Every structure is written in C-alpha cells, then in structure tokens.
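Enquirer: So that we are looking at the same thing, I have put the structure below in structure tokens.
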Amino acid sequence: MTTAMNSGETALVRDGALAFRVDANWHKLPPGWSLVEVAAVAADADGNVLVFNRGQHPIVVFDRHGNFLRSWGEGLFARPHGITIDAAGHVYCTDDSGHCVRKFSPDGKLLLTLGTPGVSSETGARTVDYRTIGRAAGPFNFPTNLAVAPSGELYVTDGYGNARVHRFSADGQLIASWGEPGAGPGQFHVPHGIAIDAEGNVVIADRENSRLQWFSPTGKLIDEWRDIARPNDVAFDRQGNVYVAELGYRAGMFAGNEALPGQTTGGRISIFSRAGALVARFGGGDNPCAVGDFFAPHDVWIDPYGDLYIGEVTMSAGGNRGMVPPECHVLQKLVRVQDTP
C-alpha cells in the first residue's frame, strides 16, 4: 500500500487498482458538539449516514456530503456498540453494557427490544473480558452486533460476555443459538462483527481468535479465513467483496495478552474477494493518527455509492493510556476514486 498525503485533512490511499480519497473531517457538527468513540456507522438507501457514538448525542445523522441533519437517542443507551440499517430503513442498535438490541423506525421510534435492558444472561462474565466467561448461555451478555438476513431473520453476536450467535425471527422470537467459548471450529473468543451474504450465509468476525468463521443460515460451519488481525467488523459490497475492519495487535489488547512473533500490524482495512483472495489492504502503519491510517477501527460500512465509513474507538482502545493523542480521528470517510486494471 502507498499513501499520498494531500493535506493535513485528506489523503489518497491506493493498493493496486483500488484507490480511495480519504477525508477525516468529512462531517460537519453543530458548534460545541463532538463525536466520542464512534463505535459504529451505517448509511441508509439515500446515503444519509447514522453515526453511533458514545458522546452526549449517541446517534448523529449526516447527509452523504457530511452536513448535519439531526440527532436522536439521547439518554437511551448504556454504551453504544453496533448499528445496522435494513432495506426498509429500520435501525438496529446494539447496546453492549445494556445487554440488549433495539429496533427503531427510520425517524427513531422504538419498535422492538431484544433482551431485557440492564439484565445479563448467566455466563459467569461480569465485564467485557471474554476470558471470564465460564459457559455459553442465552441472550445477552455484552452483545456486539446484529445483521439482517435476506429472509428478514435477525442474527446477533453475543459478544464480550458470551460466545454465541443468536438467531431470531423478524418479530424478535429466538429461533436458535450456536457457539461456545474456545478456539476450535465453531467456537468463539469475542464474536464481534457479523454480516450476511446474498445467499444467507453468516460470517462472524471472531476477534480474539484472529479469524473469520463462515456458517450456513442454521449455524453449520462452512469455512474459516485466517489472514486476519483481530477483526472487529465485516461488510459486503454489491459485488460480494468482503471488507474487514481489523483492530490489529496494538490497540485494545486485553491486559496480559501479548502479540505473538510476527503479529506487528496496527489497525487496518482489508478487502477480499468472496473466494478469500486479498484484493487490497489499507492502514496498519506506524502513524495511526495520519489520515488514511487507523488506530482502532471498530466498524466499517459501505454506502449505496460504494464509499466507506470507518468508525474508531480511539480512547478506550488505548488513547486513555497515552498511546495516541486525544485529537486522533474517530471517523473517516473513504471515497472510491479508482477501480481499473
């Protein structure tokens, strides 16, 4: 990967035939507002962007040019973690410390709650440290993300305090769950991100096992990808390419966990073909606060125009320990500018 810096606010990143113009200051906030820990980003069919962050205004909405439109969700979430928008514009917000997932109408009206807010399932875990999980259990113990299947069914990764995937009907009835703590096939150490392809197959970002695991809609293991550095999130573009937000081996390491020899990369974005071939890779450098690089990429979303949005949890992943300065970016937009042989 090569990165051509254009200014202090924009950059051009390129890998092979793929290039993106990166803008870390694409969004325009009202005076006095700030985004704190952008846990997740999602764009609707019109290209409007919902930014799920841990500041005073948890859901901040921009148009695709970065103009502020509105905010909502104030006072509702214990700790924002994941956001998804379905084809009808419904918004699903995963609240990890609240142990629940909420479904909203496009204008923010609460329609459905999965789980009981504030009540965790009995796995033995009382914190987000996955190493304290004693057993798998039902929904939820620090859930992480949700994906909507072509059938309308809902799949939730659960998460920091559990090691399961839960499958729900569209109206919120639990159908089945699978997974248990561990590093073997079908097991999880922090099932963190989730996406579903056009055939209904489910891919899980199994973060602390540094892999993607692929399952059938009913939870049968299909495949495993290993050229991954602690994946936080995964998404598909319209061509079926797979985009992975990788935390790497610097930010967000649990106390006592150490990177193995050769595990040196920082946060990065990797793009794979559906067959698993690496197409492009951006970031992972030694200056994670530079435009076009990443310290703690937590979420990746592809809008209807093929542009990428990357949210980062910069402070909790190490900024609060002096690893990066407070002004390090928490949201970047990557505008696709080239895709030629």
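Enquirer: Taking the convex hull of the alpha carbon atoms in the stretch 217-312, what volume per residue do you get, in Å³? Don't skip to the end; give the middle numbers.
Expert: Working: hull volume 12.6 nm³, N = 96.
Convex hull volume per residue, Cα atoms: 131 Å³.
Enquirer: In whole Hz, with x marking every Gly and Pro, tabulate ³J(HN,Hα) for the stretch 154-168 from phi via Karplus 6.51 cos²θ - 1.76 cosθ + 1.60, θ = phi - 60°.
Expert: Listing the rounded values in order: 10, 10, 10, 7, 9, x, 7, x, 9, 8, 9, 10, 10, 10, 10 Hz.
Enquirer: Per-residue accessible area for Trp225 at 1.4 Å probe radius, Å² rounded to 10?
Expert: Approximately 20 Å² for this residue.
Enquirer: Sticking with this one: Determine which lysines satisfy two conditions relative to Lys28: a Cα distance under 21 Å, and not lying fewer than 8 residues away in the same chain.
Expert: Within reach: Lys333.
Enquirer: Continuing with the same structure: Please list Glu327, Glu153, Glu312, Glu224 from largest to smallest accessible area, probe radius 1.4 Å, with all protein chains kept in place.
Expert: Glu327, Glu224, Glu153, Glu312
Enquirer: Provide the per-residue ³J(HN,Hα) series for the stretch 170-183, in order, calculated from phi with Karplus coefficients 6.51, -1.76, 1.60 and θ = phi - 60°, each as a whole number of Hz, with x at glycine and proline positions.
Expert: Each residue's phi maps through the Karplus curve to give 4, 9, x, 8, 5, 9, 6, 9, 8, x, 7, x, x, 10 Hz.
Enquirer: Work through the residues other than Val190 whose Cβ is under 14 Å from its Cβ and net out their charges, Lys, Arg +1 and Asp, Glu -1.
Expert: On the way: positive: Arg131, Arg164, Arg207, Arg211, Arg230; negative: Asp96, Asp129, Asp158, Glu180, Asp206, Glu208, Asp233, Glu246.
Taking every Cβ under 14 Å from that of Val190, the sum is -3.
Enquirer: Between Asp227 and Leu29, what is the label-to-label distance in nm when each label sits 7 Å out along the Cα-to-Cβ direction?
Expert: 3.7
Enquirer: Let me ask something else about it. Around Gly172, what is the net charge, scoring Lys/Arg as +1 and Asp/Glu as -1 over all other residues with Cβ under 14 Å from its Cβ?
Expert: Result for the local shell: 0.
Enquirer: OK, next. Using Cα pairs closer than 8 Å and at least 6 residues apart in sequence, work out the relative contact order for the chain, in percent. Can you show the working numbers first?
Expert: Details: 960 pairs, mean separation 52.9, N = 341.
The value is 16 percent.
Enquirer: Quantify, in whole percent, the carbon and sulfur part of the accessible surface of the chain (1.4 Å probe; protein heavy atoms only).
Expert: Summing carbon and sulfur atoms, their accessible area is 51 percent of the total for the chain.
Enquirer: Using the Cα gyration tensor of the stretch 96-227, with a ≥ b ≥ c the square roots of its eigenvalues, what is the shape: rounded (a/c below 1.5), prolate (a/b larger than b/c) or oblate (neither)?
Expert: Verdict is oblate for the stretch 96-227.
Enquirer: Residues of the stretch 201-229 with amide nitrogen under 20 Å from the 7 Å Cα-to-Cβ point of Leu112?
Expert: 201-203, 217-219
Enquirer: In addition: Kindly report the accessible area of the chain per residue (heavy atoms of protein chains, probe 1.4 Å, no ligands, DNA or RNA), in Å².
Expert: 39
Enquirer: Near Lys220, which lysines are there with a Cα under 29 Å away, not counting those fewer than 8 places off in the same chain?
Expert: In chain and number order, the partners are Lys103.
Enquirer: Also, quick follow-up: Need the full-extension length gain, Asp197 to Thr127, defined as separation in residues times 0.36 nm minus the C-alpha distance. One decimal, nm.
Expert: Extra length available between Asp197 and Thr127 comes to 22.0 nm.
Enquirer: Then there's this: Taking all protein chains together and a probe of 1.4 Å, list Arg102, Arg281, Arg321 from the most accessible to the least accessible.
Expert: Working: Arg102 20, Arg281 45, Arg321 140 Å².
Largest to smallest exposure gives the sequence Arg321, Arg281, Arg102.
Enquirer: Moving to a separate point now. Between Ala17 and Asp237, what is the label-point separation in nm under the 7 Å Cα-to-beta-carbon projection?
Expert: Output for this residue pair reads 1.1 nm.
Enquirer: Any idea how far the Cα center of the stretch 279-297 sits from the one of the stretch 82-143, in Å?
Expert: Spelled out, the Cα-based centre of one part sits 29 Å from the other.
Enquirer: If you take the beta carbon distance between Gln173 and Arg70 as r and set R0 to 30 Å, what does 1/(1 + (r/R0)^6) give as a FRET efficiency, to the nearest 0.05?
Expert: The pair Gln173/Arg70 has a calculated efficiency of 0.40.
Enquirer: When the convex hull of the C-alpha atoms of the stretch 273-341 is computed, what volume per residue in Å³ does it have?
Expert: Numbers: hull volume 8.1 nm³, N = 69.
About 117 Å³ per residue, rounded to a whole number.
Enquirer: Further question on the same structure: If you check each cysteine of the chain for another cysteine whose beta-carbon is under 4.7 Å away, which ones come up empty?
Expert: Flagged as lacking a Cys partner: Cys93, Cys100.
Enquirer: Quick one: accessible surface of Tyr92, probe radius 1.4 Å, all protein chains present, in square angstrom to the nearest 10.
Expert: 10
Enquirer: Consider all pairwise Cα distances in the stretch 25-91 and report the whole-number % of them above 17 Å.
Expert: For the stretch 25-91, the fraction of Cα-Cα distances above 17 Å is 35 percent.
Enquirer: In terms of the Cα gyration tensor, with a ≥ b ≥ c the square roots of its eigenvalues, is the stretch 44-142 rounded because a/c is under 1.5, prolate because a/b exceeds b/c, or oblate? Let's see the in-between values first.
Expert: Details: a/c = 2.51, a/b = 2.10, b/c = 1.20.
The shape class here is prolate.
Enquirer: Something else now. Amide H neighbours of Gly138 under 5 Å, counting only residues 5+ apart in sequence or on other chains, H built in-plane at 1.01 Å?
Expert: HN-HN under 5 Å from Gly138: Glu122.
Enquirer: Kindly sort Val128, Val60 by accessible area of their heavy atoms, largest first, with the probe set to 1.4 Å.
Expert: Solvent-accessible surface, decreasing: Val128, Val60.
Enquirer: Could you work out the Kirkwood radius for the chain, taking every pair of different alpha carbons, averaging 1/r and inverting it, reported in Å?
Expert: After inverting the mean inverse Cα-Cα distance, the result is 19.7 Å.
Enquirer: Using the Cβ atoms and a cut-off under 12 Å, what net charge is assigned to the surroundings of Asn25, where Lys and Arg are +1 and Asp and Glu are -1?
Expert: Here the count lands on -1.
Enquirer: To the nearest 10 Å², what's His57's accessible area with a 1.4 Å probe?
Expert: Using a 1.4 Å probe on the heavy atoms, I get roughly 40 Å².
The values are calculated or read from the model by the stated rules, or taken from the named source; none is laboratory data. Given the structure is predicted, the values throughout are model-derived calculations rather than measurements. Methodologically, a virtual Cβ is constructed for each residue, glycine included, from the backbone with ideal geometry; neighbour enumeration extends over all protein chains shown. Quick note on the areas: whole protein, heavy atoms, side chains included, nothing else; ligands and nucleic acids left out. Shrake-Rupley method; radii C 1.70, N 1.55, O 1.52, S 1.80 Å.
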